[in-house]
Structures are given as structure tokens and as C-alpha cells.
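What follows is a single structure, written as C-alpha cells, with notes after it.
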């Protein structure tokens, strides 16, 4: 299978209403092992259904889900059954799924570093991501990848990818295959390149009906000049649909969009929303609608994973510079409180308005 033509990419993109949703994990999950493992799954699935219903009422029509290899490895058959139930439940509420197959957001190796495992999951209150030593700060050298750096797990990881994509390669509930989340992050940079290349080669051979993508995520925006590293360049050059992450200001965001539009393909932002650094719903959601850019903010209902908290790197930034432009009075991510009341009802009103406009636009194009 070759990379999609621009014409095929646009045909796929225009065949559906504006893509909008969130990176999703139910509020009672401490991490993605909790999201997918057998322990506590039935109770968490009830939470998921309540939250998907809320999501549908909001007007969202898609979620981005990141898989967890250790659950596939340790609980293979039951994991596949749970994954199927997740897809079924999302479809029940009119929500498609973008599936992320690999991830370079790895915590730094400290004295507390350990391989993840199924079972009861520890979490720390008051920390973004629910842990003191997270992937969002503290990297003085490249972080080890739990699986790709391991001869024991590397080939098996690609067996997981082959199996899941093969099973669902023609399933309309899968919107896109997001092959690798933030490749080169955690100071790994070009260490990741061979794994990224292998990921594209592996999935292309399976020839799924869904588009393949890997997001660019680290834009050096200075005076309109852009610098992206070799890993991100490869990701953009090999993606059917252009995806990107951006947590910067509105002014910078406009420059990023202008840069990506020159590629001539549909664009989807698969991570955004950082209120405390001036990346807001009020600026971004109308911008995505106006520019016809799909969007997935990070987080939905605040919970154990605590992505409403600032990155640990933000606290360090403030410690180094008390005048740093960080508003600690605002949530970082997430749209709803644990009560399912909005963090800010004005945000919710705006999102509902533009979701309704998008669906109306789509109906008009079908006439």
C-alpha cells in the first residue's frame, strides 16, 4: 500500500462532518493500564458510558485512544474482547475512534523507574498525569522506551500492531490509525527513527481502509520560521492525513496552521488546550471550525489522571522565572468537573454552537 494521494485524502475527509473530540480516558482511570486491564474494567466501563453520553450531548463525534502494550501482552484474549466492547460503546453514541499504536512520552529514568505492569495502579494527587516523575519534565538525557529499547519486547510489540490493525483494517468505527504519539519526545529524537519507519512499513503492508498519520508536535516558531527535526519531517512526509499537536498561543497557532496548509492535505490537531499558557477553547475551537481543521483537545472529565494540573515543567519554569507567562489559577486540560458540571459553562456553550454549525454545514453539502 502506498501513501494516499491528496485527492483520496480529501475525499475521505469531506465524506464526514467536521471531526471534533478529545483524547479520552474515563475519570476513574489512573493511567492507560487502568483503561484497558481486566481489574476494575466493568466499573470503569459504566463510567465510560456515562461520559460518552455526555460527550455526545456536547456534540463531539470522535475520541483518540492510546493503547497499552503490557495489557495486550499479559491479558491478550480478554484485552481484545474489552477493546471490542470499547469500540461498540463509542459507536453506540456516534463516536468514532482514532487509535494510537505507539508512544514516545516516557518518564525519565530515576531511582523510582520501573516497568509498567497490570494490577492495582498507583497515582499521586496533585501531579499532571498522576505521578511525581512524569514524562512532562525532568529529562536530562533520553528516556528509555519501555518496549522498543528491549530485545525481549520489541518484536512482540509489532505483533500487537499487526494483529489489531489486521482485525480492524476495514472497520468503520476506526477513524484513523495514529501510528506513533510524539515520536522523538522525552529527548529520544533520532533514537526513534527506525521504530517509526518500521511502524509505517508494518501498517502499510496490512493495507487498512483507514488513513495513517503521525503528528508533528515540536514546532520551533520564531518570527514565522519553522524548524522541525528529522523524525517529524518523516512523519509529515509519510502521513495520509496531516496531524499535529500544539499548546502555544493563538498568534503562534495561526503560523503553525499556515505552515501545515502548504502540504495540501486535510489537517487534524490531535492535541490542544492548555488554558494556563493561553491556549484556550475560546480562541482555538472557532479557529479549527473556520479553517476546517479537525481537533481533539486533551481530556474530558477531570479525574485520577489529573491533567487539569500544570506540567511539572511549568512549576520549574516558574521557579526559574517568577514572571513566566503561566496562569496557575486555570485548569490546564479537561472540560468537565467530576460532577459533570462544566469547568466553564461558557466554553461548553461555545463548543455546542460550533458543533451544531458544522453538522448543518455538512448536511447542506450533501444536498
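The values are calculated or read from the model by the stated rules, or taken from the named source; none is laboratory data. Being a predicted model, the structure only gives us computed values, none of them experimental. As a convention, Cβ positions derive from the backbone with ideal geometry for all residues, glycine included, and neighbour counts pool all protein chains shown.
Counting residues in segment 354-364 that are at pLDDT below 95, over 25 Å from the mean Cα position of the chain (by Cα), assigned to a loop (DSSP other than H, G, I, E, B) and farther than 20 Å from residue 303 by Cβ gives zero.
Looking at 78, 26, 62, just one residue is at pLDDT 95 or above and more than 17 Å from the chain's Cα centre (by Cα), and that residue is 78.
Inside segment 69-112, residues that are surrounded by 20 or more Cβ atoms within 10 Å (Cβ to Cβ) and closer than 30 Å to residue 138 by Cα make up a count of 12.
Among the residues of segment 124-145, just one is at pLDDT 90 or above, within 22 Å of residue 72 (Cα to Cα) and in a loop (DSSP other than H, G, I, E, B), namely 145.
Could you check, for segment 259-266, whether at least one of its residues is buried (at least 20 other Cβ atoms within 10 Å of the Cβ), within 18 Å of residue 218 (Cα to Cα) and in contact (Cβ under 8 Å) with a residue 40 or more places away in the chain? Within segment 259-266 (the criterion being buried (at least 20 other Cβ atoms within 10 Å of the Cβ), within 18 Å of residue 218 (Cα to Cα) and in contact (Cβ under 8 Å) with a residue 40 or more places away in the chain), the answer is yes, since at least one residue qualifies. In segment 135-160, the residue that is farthest from residue 332 (Cα to Cα) out of those that are out of contact with any helix residue (DSSP H, G or I) (no Cβ under 6 Å at 6 or more places or on another chain) and in contact (Cβ under 8 Å) with a residue 60 or more places away in the chain is 156.
The residues of segment 84-104 that are closer than 19 Å to residue 209 by Cα and under 19 Å from the mean Cα position of the chain (by Cα), listed by number, are 87, 91, 95, 96, 97, 98, 99, 100, 101.
Does any residue of segment 293-309 turn out to be touching a residue at least 24 places away in the same chain (Cβ under 8 Å), over 27 Å from residue 237 (Cβ atoms), touching a helix residue (DSSP H, G or I) at 6+ places or on another chain (Cβ under 8 Å) and in a helix (DSSP H, G or I)? No: segment 293-309 contains no residue that is touching a residue at least 24 places away in the same chain (Cβ under 8 Å), over 27 Å from residue 237 (Cβ atoms), touching a helix residue (DSSP H, G or I) at 6+ places or on another chain (Cβ under 8 Å) and in a helix (DSSP H, G or I).
In segment 342-367, the residues that are farther than 17 Å from residue 294 by Cβ form Cβ pairs under 6 Å with partners that are in a helix (DSSP H, G or I) and at pLDDT 95 or above, at six or more places apart or across chains, as follows: 342/348; 347/281.
Look at residue 277 and say whether it is crowded, with 18+ Cβ neighbours inside 10 Å and under 17 Å from residue 99 (Cα atoms).
Working: crowded, with 18+ Cβ neighbours inside 10 Å: yes; under 17 Å from residue 99 (Cα atoms): no.
Criteria not met by residue 277.
For segment 183-204, indicate whether the set of residues that are farther than 24 Å from residue 108 by Cα and touching a residue at least 60 places away in the same chain (Cβ under 8 Å) is non-empty. Yes, there is a match, as at least one residue in segment 183-204 is farther than 24 Å from residue 108 by Cα and touching a residue at least 60 places away in the same chain (Cβ under 8 Å). Any residue at all in segment 316-335 that's under 24 Å from residue 17 (Cα atoms) and touching a helix residue (DSSP H, G or I) at 6+ places or on another chain (Cβ under 8 Å)? Yes: one or more hits.
Among the residues of segment 280-291, the one identified as in contact with a strand residue (DSSP E or B) (Cβ under 8 Å, 6 or more places away or on another chain) and either part of a loop (DSSP other than H, G, I, E, B) or crowded, with 23+ Cβ neighbours inside 10 Å (or both) is 288. Looking at 197, 221, just one residue is at pLDDT 95 or above and either out of contact with any strand residue (DSSP E or B) (no Cβ under 6 Å at 6 or more places or on another chain) or surrounded by 15 or more Cβ atoms within 10 Å (Cβ to Cβ) (or both), and that residue is 197.
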